[in-house]
Amino acid sequence: INKLFFDKYVLLLNTLTNKVREQNAIPVYITQTSGYGINSELFSASVAVMEHCKNQNLKCINLAKEIDLNYDDFYDELHLNPGGSFKVFSYLSKKLEKIINWFITINSSIKSKYDFNQFTFIFDLSNTSYIHFYALEGYW
């Protein structure tokens with residue numbers, strides 16, 4: 001693990017989590033991989049994300065570990081082609097559905113505070129070099 005990178009990344013995650021929570025929103029972090037697999041920085045970032053989620057009691061999606069992406073799913077080192085975009089879309093939509101259902105279940109007592117019918121995720125595959133991922137709810 002790249003300790004210097006890890007420590008800086010944890011600071012960024014703490015800042016981002018606090019800013020998201022200030023908006024009465026719930027962060028969901030997703031690890032990532034590249035067309036060349038996991039390098040030192042991506043591995044360090046993934047470990048930082050997973051530890052941060054555990055320490056902050058957040059939901060995380062460990063895409064880097066769980067999805068089967070390979071070099072042929074990318075245009076270059078970082079940008080997904082249409083096939084890779086569809087793999088990630090399919091994977092994330094299933095994972096996010098579970099997280100949203102979990103959140104609704106455990107927070108039924110505060111359900112009136114949130115309008116879950118307005119909670120929408122949009123995967124925009126029109127630009128196939130990457131996925132635009134939007135969470136439309138209140139502040140986004």
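Laboratory data are not the source of any read-out in this text; all were calculated from the coordinates shown. Here the structure is a predicted model, which means the values were calculated and not measured. Every residue, glycine among them, receives a Cβ derived from its backbone with ideal geometry; neighbour counts consider all protein chains shown.
Suppose every Lys and Arg Cβ carries +1 and every Asp and Glu Cβ carries -1, with no other charges. What dipole size does the range 3-56 come out with about its Cα centre, to the nearest 20 debye?
Working: 5 positive and 4 negative charges, 16 e Å.
Computed charge dipole of the range 3-56: roughly 80 debye.
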Approximate spin-label separation Asn70-Asn14, in nm, with each point projected 7 Å along Cα-to-Cβ:
4.1
